[in-house]
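Some notes on the structure that comes next.
Taken together, the values in this text are just the output of simple stated rules run on the coordinates, not laboratory data. Treat the numbers as computed from the prediction; the structure is a model and nothing was measured. Cβ atoms come from the backbone with ideal geometry, glycine included; neighbour counts cover every protein chain shown.
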Ligand SMILES: C[S@@+](CC[C@H](N)C(=O)[O-])C[C@H]1O[C@@H](n2cnc3c(N)ncnc32)[C@H](O)[C@@H]1O
């Protein structure tokens, strides 16, 4: 991918607003947090066994809403452990939000943060094999990296003994996957040159011969308003879901109609007059 195109993968300005709007309407963070609270305590205990320090790396952490939850959980599970955190995030705006959130979240003052405000590709080039981590997470960000297999190989090589690489990604065969694979020609752009779901991550892990376990993170959200052209909420949701600034002004009228038809007929479930988008995610723990 050209350097110019790579820059567009991290969120700034209208992309940050669109993402925040999506988070408010999708319940995605709440679904991920429910899952993490159920699965991470046991993982953290295993990763932390026999250790006095634990190094965490977040890649594509965005505004850090999920990171602060995981770090608070880690501290509560392993209160005597000293924890350090590195963050690799391409967006200056979201890193500023993340820093503000850390300030606001009272119980994180003991954790030193190292901020790498750069793309994952640049971090890979700069720090090759320098620092090791016990827990690395990449949540909803692998769509944007240059070379998935090389990226997974690199972060796996950064794991300490007993460490874990956690990748959260859209689940193969569910709503996002159907939408983006059906309309890949129309939807893929410089930021997302090729769509990826959990099946692509699993294919990379198999190529690399790495051990992993996969879990589903169920979620649905109401997209009924997407079918009302006068609804601002509906149009903004469609904007995020199709990675466009203005859905109504993008694509041909036929493609817009085909997208709406697919969303309704194949990507959603109708219940009591509402249309719910099937937005299941997959969480893959890759073992060191
Ligand atoms: C969908 S958001 C997910 C943010 C966060 N993990 C969450 O789930 O709330 C994708 C994030 O990846 C970041 N990003 C995109 N391309 C990146 C890259 N090549 N390297 C590092 N971060 C990147 C974006 O700036 C954005 O913050």
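Tabulated values for the structure
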quantity	calculated
Cβ-Cβ under 7 Å pairs, at least 6 apart or on other chains, the stretch 95-121 side farther than 23 Å from residue 82 by Cβ, far side assigned to a helix (DSSP H, G or I)	117/92; 117/95; 119/6; 120/151; 121/6
Index of the failed condition, residue 215 passing every other in (1) within 20 Å of residue 30 (Cβ to Cβ); (2) surrounded by fewer than 17 Cβ atoms within 10 Å (Cβ to Cβ); (3) free of Cβ contacts under 8 Å to residues at least 60 places away in the same chain	(3)
Filter result for residue 208 (in contact (Cβ under 8 Å) with a residue 24 or more places away in the chain and out of contact with any helix residue (DSSP H, G or I) (no Cβ under 9 Å at 6 or more places or on another chain))	no
Whichever residue in the stretch 56-76 is in contact with a strand residue (DSSP E or B) (Cβ under 8 Å, 6 or more places away or on another chain) and surrounded by fewer than 21 Cβ atoms within 10 Å (Cβ to Cβ) and, among such residues, is farthest from residue 110 (Cα to Cα)	66
Residue 210 vs. criteria surrounded by 14 or more Cβ atoms within 10 Å (Cβ to Cβ) and in contact with a strand residue (DSSP E or B) (Cβ under 6 Å, 6 or more places away or on another chain)	yes
Conditions (1) out of contact with any helix residue (DSSP H, G or I) (no Cβ under 7 Å at 6 or more places or on another chain); (2) free of Cβ contacts under 8 Å to residues at least 40 places away in the same chain; number of the one not met by residue 131	(2)
Unmet requirement for residue 22, which otherwise passes all of (1) closer than 28 Å to residue 147 by Cβ; (2) away from the ligand (no atom under 13 Å from the Cβ); (3) surrounded by fewer than 17 Cβ atoms within 10 Å (Cβ to Cβ)	(2)
Failed item in (1) under 21 Å from residue 146 (Cα atoms); (2) surrounded by 13 or more Cβ atoms within 10 Å (Cβ to Cβ), with residue 267 passing the rest	(1)
Boolean, residue 51 is more than 23 Å from residue 142 (Cβ to Cβ) and in a loop (DSSP other than H, G, I, E, B)	yes
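Conditions (1) under 25 Å from residue 27 (Cβ atoms); (2) near the ligand (Cβ under 9 Å from one of its atoms); (3) part of a helix (DSSP H, G or I), marked per residue:
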site: 62; (1), (2), (3): yes, yes, no
site: 70; (1), (2), (3): yes, no, yes
site: 85; (1), (2), (3): no, no, no
site: 101; (1), (2), (3): yes, no, yes
site: 114; (1), (2), (3): no, no, no
site: 118; (1), (2), (3): no, yes, no
site: 124; (1), (2), (3): no, no, yes
